[in-house]
Each structure stands twice: as C-alpha cells, then as structure tokens.
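Below is one structure, written out as structure tokens; comments come after it.
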Amino acid sequence: MPFKRISIGAEPLQTVDDADAFVAGDMVREGADFAILPIIRCNEEEVMNWGHFEPEDLVIKSADNSYCLLGATSSWDSDYKYTETVVGIQAEYAGYTGLKGVVTSAIGNKVPAFGRLLYSILAKESSPKVYVRVCLSDENAWQKWNRVRVMCNHSPQLQVLLELDPSTEKAVDMKQWMAEPVHIVVLPESMFTKNAGGYPVLPRQHQATVAAWMDYDIAFVIQTTDAGSGLGDRIRYLRHLGQSQPERSVQNSASDEYRDILQVPLQPLMDHLESATYETFEQDEPKYAHYEEAMVRAIGDVAARLKRRIVLMVVGAGRGPLVSRALRAARRLEADVHLIALEKNPNAMVELQRKNATLWLNKVEVIYGDMRNKQFVEKADILVSELLGSFGDNELSPECLDGALENLATNECVCIPRRYTAYVAPLSSSMLFRRAREHTGSFKLETPYVVNIHAAHILDDAQPVW
C-alpha cells in the first residue's frame, strides 16, 4: 500500500500581521495544511510594561484558526532580563487559544536556563505541546537537546522540530534523530533547486533524506520568504514525492500498528493464544516460505535414506500454517508422507479439525495433546516446530522440544529448525525509553518486551549471544 497523505505546513519568514488573514489567503491558496506563525509582533519590554497583550500586538489574535496554527515564541536567548517571563506568557496564551502547540527558538548557549523555562511551561496543566526548534547547523544540537529533554523529565509534550541544513546534511547522522521524538521536519527554501521546466525539486541527496523521513509519523514544513512565490509548487512537489515512494508490502503494512509498541512476551505454554494472535504470526510470509523449502529438502533426504513412508510431525501446530506448508512440500516431491499435527490449545484444535475436513481433505492426523508428555507408537522422522519465541525464549522451546524428541521422535529424527541463535545489538530510542518508563509494573525498566522497533538508532552490528 502507498504512503499515507503527508501533512505539509508553511513557515513564512516575511512579516505577517494577521494570522487569520494569512490562513484564509496564502495558506489555503498554496495548499498548506497548517502554518507556523509568531504569536506576537511587539517587543518584550512592552509586554512586561503592560502585563498583558494588546490586540494590535498579536499576530494570532483569536482561536478561530487554532486547529491549523503553531505559535512561534519570540527568541528567549536575548539579554533582556524578562525574556523567560515573556516567553512563558506567550506559551500560556497559546494554551488559552487552543493552538496545536508552540515552537521555541533554537536552543542557544544558555541550555540550563532554556531547560528550566520549558520545564516551567510543561508543568502547567493547560500546557500546549512544545516543539523545540533544533537546527542541524549547530554541531552540538543533539547534546543540547538531550540536556533539555532530561531536564524536562522526558515529557511526552516535549517534541522536536528539526530544521534541516543543506550544507551540513552529509555530516549529520540522521538515524540518530530518527530515534528522537521528531514530529516536524523543516525544509528551508535553499534546499530546493529548479528543474529544466523551472519547477522546484530537491536534489537527489535531499530527496533520499526526505523520503526516509516520510516513513515516520511526522509533518513537513517549508520555510518561505514569500508565500506567493513558489510555495504551492514546493508543496505539490513534496506530495508527489510521497506518492512516488515504493508500495509497502502487506506484511509491513500489517505490522505498522505495532511499531514501537511495548508488548509483554506471549507465554503459549501457560496461556492459550487467541485466534487474532495466530493470525498475526501467519502474516510472516517469508518465514513460512523458508520453512517450506526446509521441509522439501528434509523430505527428500529422509525419503532417499529410509525408502519407506515418512512420518512428519508438526508440534504446536496452532491454526495450521506449517501443516499447509508441509502438505505443499510433500506434494512438490510426490512423496509418501504421514502428516501429524499436534496441538494442546483446545480452541485451535477446532480450527485444525475444520481445515482438515475442508482444506486438507483429511490427509492430516490431527491430535490433541502436549508435546512434552504425549506418546505415539509411530515416531516422527521429521519434527517441525516454530517455538522460536523472542530473545528470552518465552515459548520455552528447549524445554518443550526435549520432551518431544524423547517421546515422539526416532533416533535419527530431523528437526526443523535444527538450531537457532539469539543476537543482541545496542540501540538508542527516546520513544521506547519513555514508554518503558510509563509502563505499569515494579520492574518496568528491567522487563523484556517484544517490540516492532522503528524509531530507534542501532548503534552497532548485532552480535551472537547463544
């Protein structure tokens, strides 16, 4: 399936006097979804002298278009002694008007003061989302952001607005930022060039960067010095770039809802799995294709060696995906195979029996029981399982298969899989760390989770553990 429609906003760098007029005019005309506009246009001393805003001093004068506006605060890194107070007043006004959030100026050199200011804003119950502007032209950008994020106790309301810089893009490890809570990526006008037809496009290197970000749940913002000069063309180009990305596979699309979601590992030996859980497993088409090829090779080797009917047993058959693959493997070789499906989940047994009657034409012997203590007169020549589990082996594969090999298998039984290896790699992920902290349980940061990892920075190559 194609990428979903991306959200694209505008950030005019020219003076804007009235937000409502800009939304009704330039923003709608050029096809932007939202805009970043300054909250005020007066200087900080005037605000402190009056203690409140006057209507004529505001760019965002009402809540009428709050659904499509982010308010940019004035620069806090000035020498004016009341700067922090004034920025705080603007953030409070943004919360009052219901803006989508506030955008700070770039993190300067006064990092502790900046962190203290944001903490005080986020501590208020009516605090809007705060987007910290991070400019990649600053070689210490990540270190500054990390200090601020820690000072704010990893608040979920604190997010990153990442401003790309064409001159430093090659030197920046973008994957490091993809592990951070980046919700907006800003494209300066200078990133665009014109093609032969005179339309704005991104050079190939910048195209690759933007395309990579399109696989994340973010919005793009185009900075413009003149909203009426090419902004609409740039927005249309970005939408075209998004629609031109390769279609995602059914498997990847189905797993998107589990991206970066912490899941407690399943324990199928203790609990009977639900049908929906089995269905999720069964969407891993490449895994089952590899299983089928392994069974073809095993059946061929064993048949040539034994010169008799082969007993192939699928233990922990679930809803039967491996059984279907075993039948296909036998059919490809025209081999004489006695296929047994063993399952201890009484609910899954219903599905196995139904499939045997309607799909497999009663070519399978479906048996209810636990592989650890079930006894058969006829032993398995090939034993197939998918008890791989997660890193910590939550499915107890060795414990289960030890019993199966002792009770169900011949001395020369071929096991599929024959062996497997667990790997470990260090990674950094702001989102996963925050979600682990928010998880219930006394040992939430010492608990293993199953995660479809996406917003993470893999720091080194994976290494085998066992």
Kindly state which helices (runs of 4 or more DSSP H) lie completely within the range 96-193 and contain at least 1 residues that are in contact (Cβ under 8 Å) with a residue 24 or more places away in the chain and more than 26 Å from the chain's Cα centre (by Cα). 111-122
Out of the residues in the range 405-420 meeting the condition of being surrounded by 11 or more Cβ atoms within 10 Å (Cβ to Cβ) and part of a strand (DSSP E or B), tell me which one is farthest from the chain's Cα centre (by Cα). Thr410
Residue that is surrounded by the most Cβ atoms within 10 Å (Cβ to Cβ) [pool: residues in the range 363-391 that are of a type in the set (Ser, Thr, Tyr) and part of a loop (DSSP other than H, G, I, E, B)]: Ser385
Could we say that Lys194 is over 26 Å from Lys100 (Cα atoms), surrounded by fewer than 18 Cβ atoms within 10 Å (Cβ to Cβ), of a type in the set (D, E, K, R) and in the same structural domain as Lys110 (by TED's automatic domain parsing) here? yes
Single residue of the range 117-146 satisfying the filter (farther than 18 Å from Gly71 by Cα, surrounded by fewer than 15 Cβ atoms within 10 Å (Cβ to Cβ) and among the charged types (D, E, K, R)) that is modelled with the highest pLDDT: Glu139
Residue hits (the range 431-466; outside any loop (DSSP other than H, G, I, E, B), under 19 Å from Val264 (Cα atoms) and not β-branched (Val, Ile, Thr)) are Met431, Leu432, Phe433, Arg434, Arg435, Ala436, Arg437, Glu438, Asn452
In a loop (DSSP other than H, G, I, E, B) and either more than 24 Å from Arg259 (Cα to Cα) or modelled with pLDDT of 90 or more (or both), is that true of Ser229? yes
If Gly115 passes every condition in (1) of a type in the set (Gly, Ala, Ser); (2) out of contact with any Lys or Arg (no Cβ under 8 Å at 6 or more places or on another chain); (3) more than 18 Å from Ala19 (Cβ to Cβ) but one, which one does it miss? (2)
Hey, could you check the range 302-317 for residues that are under 14 Å from Val366 (Cβ atoms) and of a type in the set (Gly, Ala, Ser) and say which is surrounded by the most Cβ atoms within 10 Å (Cβ to Cβ)? Ala317
Going by the structure shown, is Thr85 touching a strand residue (DSSP E or B) at 6+ places or on another chain (Cβ under 8 Å) and either under 19 Å from Leu37 (Cα atoms) or not in a loop (DSSP other than H, G, I, E, B) (or both)? no
Being in contact with a Leu (Cβ under 7 Å, 6 or more places away or on another chain) and among the β-branched types (Val, Ile, Thr) is the filter; apply it to the range 341-374 and report the residue that is farthest from Asp402 (Cα to Cα). Val364
Looking at (1) buried (at least 22 other Cβ atoms within 10 Å of the Cβ); (2) touching a residue at least 40 places away in the same chain (Cβ under 8 Å); (3) acidic (Asp, Glu), which is the only condition Glu343 fails? (2)
Tell me which residues, restricted to the range 173-192, are among the charged types (D, E, K, R) and under 16 Å from Asp215 (Cβ atoms). Lys175, Glu180
Taking the range 39-60 and keeping only residues that are within 23 Å of Arg133 (Cα to Cα), in a loop (DSSP other than H, G, I, E, B) and either at pLDDT 85 or above or of a type in the set (Asp, Glu) (or both), one is left with Ile39, Val59, Ile60
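The values are calculated or read from the model by the stated rules, or taken from the named source; none is laboratory data. This one's a predicted model, so the numbers in the text were calculated from it and none came from an experiment. Cβ: placed from backbone, ideal geometry, glycine included. Neighbour counts: every protein chain shown.
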